[in-house]
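Structure, as structure tokens:
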């Protein structure tokens, strides 16, 4: 079983039960500190968790720690709720969502390209370079609006992300603005540089963030 605990106002862990018991015995985790593991309804003081404390001392420590724990609990409740709810999206789930979105944009872009090309030729424009350049500009705007509008909407996700059960949030789990979604989208240009290392960053960052996620202050979560 893995445990999370609060220390100096920040969340720590996960650690094993033996590790946290050792920290409690050493005094680095105090009876008034809050702990949580899978199966618990919420964060509780160490002193109230019987399996972590010697049974003979539990009641005494709980009474001593109650005032401090109550204050810590109220300040910590928002972070603890978010911690229990958030599961960061994995690499392949995001790749699959991106492929779905690419197919959708490709189909829509092809249709718009044909319509635009026919309209331009009908209007007397026969310069293929001009037609191609116009199509590329329209494609850039299409991609920007698709990602920025959908990820800043109440759904917080593109169609691909919705299919894969993931969404984009800010660092507190809230819906992002159109401006932030736009910044995240164009940040992908930087993430693509140097062999797409900006995308691969999610494989080793703590919250599975790409470079453009970090630049925009966003998370991609289940």
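Taken as a whole, the condition of being surrounded by 14 or more Cβ atoms within 10 Å (Cβ to Cβ) and within 14 Å of the chain's Cα centre (by Cα) applies to residue 169. Exactly one residue out of 108, 118, 131, 95 is modelled with pLDDT of 85 or more, part of a helix (DSSP H, G or I) and over 21 Å from residue 166 (Cα atoms): that is 108. Please indicate, with yes or no, whether at least one residue in region 205-215 is over 18 Å from residue 90 (Cβ atoms) and either surrounded by 14 or more Cβ atoms within 10 Å (Cβ to Cβ) or assigned by TED's automatic domain parsing to the domain that holds residue 98 (or both). Checking region 205-215: at least one residue is over 18 Å from residue 90 (Cβ atoms) and either surrounded by 14 or more Cβ atoms within 10 Å (Cβ to Cβ) or assigned by TED's automatic domain parsing to the domain that holds residue 98 (or both). Does any residue of region 143-152 turn out to be farther than 23 Å from residue 201 by Cα and surrounded by fewer than 16 Cβ atoms within 10 Å (Cβ to Cβ)? The answer is yes, given that some residue of region 143-152 is farther than 23 Å from residue 201 by Cα and surrounded by fewer than 16 Cβ atoms within 10 Å (Cβ to Cβ). Somewhere in region 66-89, is a residue at pLDDT 90 or above, out of contact with any helix residue (DSSP H, G or I) (no Cβ under 7 Å at 6 or more places or on another chain) and assigned to a loop (DSSP other than H, G, I, E, B)? Among the residues of region 66-89, at least one is at pLDDT 90 or above, out of contact with any helix residue (DSSP H, G or I) (no Cβ under 7 Å at 6 or more places or on another chain) and assigned to a loop (DSSP other than H, G, I, E, B), which makes the answer yes.
The values are calculated or read from the model by the stated rules, or taken from the named source; none is laboratory data. In this text, all values refer to a predicted model and were calculated from it rather than measured experimentally. Note that we place each Cβ from the backbone using ideal geometry, even for glycine, and neighbour counts take in every protein chain shown.
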